[in-house]
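The values are calculated or read from the model by the stated rules, or taken from the named source; none is laboratory data. Keep in mind that what you see is a predicted model, and the values were worked out from it rather than measured. All Cβ positions, even for glycine, are placed from backbone atoms using ideal geometry, and neighbour counts span all protein chains on display.
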Amino acid sequence: MTRKQRITSTALIALAAVVLLFWPEHDGVNYYQNKGQVFGTYYAVQYAAKADLHDSIHAAFDAFDASLSMFNPQSTLSRLNNGTDSIVDTYFVQMYRTAEDVHSLSGGAFDITVAPLVNLWGFGLKNKSHVTPEMVDSLLPHIGMEQLSLVMTGNGYVLRRQDASVRIDAGAIAKGQSCDMIADLLRRNGCNDYLVDIGGEVVAHGVNSHGQPWRIGITRPIDDASGTVNEVEKVLQTTGIALATSGNYRNFYYDGEQKRSHTIDPRTGYPVQHSLLSATVRSSSCMRADALATACMVLGADDALTMIEQDTLSACLLILSIANHPDSTRILTSSRWTD
């Protein structure tokens with residue numbers, strides 16, 4: 001699940017899975033840091049609290065995995081895709097409503113029914129193989145959120161499909177949603193100062209342990225399938241923010257001379273090819289920012305800016321390659337973007 005560009009926080013320095021950060025205690029409150037692996041990526045959570053919330057955070061991760069994981073065969077999402085169930089849980093409903101909104105806003109560029117195409121191109125549950133136009137054309141009739149609907153019944157919400165072959169991939173929205181979930185858990189436990197970073201998607205509120213706004217670095221988009229190069233393009237000093245970034249430089253492969261990126265355009269069935277290297281989106285929730293960042297990568301720079309300008313809840317920073325200058329980039333921002 002390495003489908004998103006990593007955003008690195010310069011404040012994340014501890015190495016242990018659960019660490020008490022030893023800054024002066026104030027009214028019984030200490031800064032804690034919990035970090036480790038989850039959902040096939042890393043997580044790092046810093047927060048000011050009267051007690052370590054590590055166990056509660058892990059319980060929340062387990063509940064989320066049981067809902068939206070494609071890799072957990074017993075999850076709600078897996079049962080839906082296997083046709084063994086149609087009743088959905090609260091996490092799925094939240095994800096679906098936001099996905100539906102961004103699908104409409106992006107003109108179909110964001111679509112959670114893209115799963116068969118992701119698998120076809122070797123970025124999902126199946127290994128990559130040689131893809132022909134006939135293979136793509138055979139899947140396109142089974143792609144499209146308009147084939148889905150949520151219906152309230154006496155047993156709760158039920159997912160209805162016009163086409164039984166439709167499969168759902170929440171990978172481009174769920175990581176941001178999990179950040180919102182942990183941030184909500186922290187708030188319910190009285191935390192006002194926290195930073196949640198899950199695989200590069202970030203929710204930050206209040207101040208860090210030094211009483212300063214959180215510092216968040218946006219990684220320079222350099223082709224690096226190993227995920228080990230983390231040069232920082234820009235550092236944001238901010239608070240009260242939900243931020244997500246998508247890029248094509250971490251997850252890709254070459255098919256002969258052709259570079260195949262993991263961002264698949266659900267409207268055409270093919271990996272995108274344009275100058276947009278990464279899109280960072282700030283929005284009202286990390287879940288929404290996550291979906292919008294993916295939509296930006298599908299649309300390309302011009303259409304992405306048009307979409308974001310239409311959404312008063314959001315702003316974006318786009319990093320583009322410069323034609324005939326492979327080592328050079330330029331930055332575009334929407335009108336509401338502030339560093």
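General observations
- Just one of the listed residues (336, 267) is part of a loop (DSSP other than H, G, I, E, B), in contact (Cβ under 8 Å) with a residue 60 or more places away in the chain and of a type in the set (Lys, Arg), and it is 267.
- Filter pass, residue 164 being outside any helix (DSSP H, G or I), in contact (Cβ under 8 Å) with a residue 60 or more places away in the chain and not aromatic (Phe, Trp, Tyr): yes
- Yes/no for residue 290 being among the acidic types (Asp, Glu), in contact with a Gly (Cβ under 8 Å, 6 or more places away or on another chain), closer than 21 Å to residue 241 by Cβ and in contact (Cβ under 8 Å) with a residue 12 or more places away in the chain: yes
- Of all residue pairs spaced 6 or more apart or on separate chains, those with beta-carbon atoms under 6 Å, a first member in region 77-102 that is closer than 17 Å to residue 289 by Cβ and a second member that is of a type in the set (D, E, K, R) are 98/288.
- Residues in region 42-61 that are crowded, with 18+ Cβ neighbours inside 10 Å and in a strand (DSSP E or B) were compared, and the one that is farthest from the chain's Cα centre (by Cα) is 49.
- Consider region 154-208 and keep the residues that are touching an Asp or Glu at 6+ places or on another chain (Cβ under 9 Å) and hydroxyl-bearing (Ser, Thr, Tyr). The one that is farthest from residue 284 (Cα to Cα) is 157.
- For region 289-339, the set of residues classified as surrounded by 14 or more Cβ atoms within 10 Å (Cβ to Cβ), modelled with pLDDT under 95 and among the acidic types (Asp, Glu) is empty.
- Members of region 174-212 that are of a type in the set (Ser, Thr, Tyr) and modelled with pLDDT of 95 or more: 178, 194
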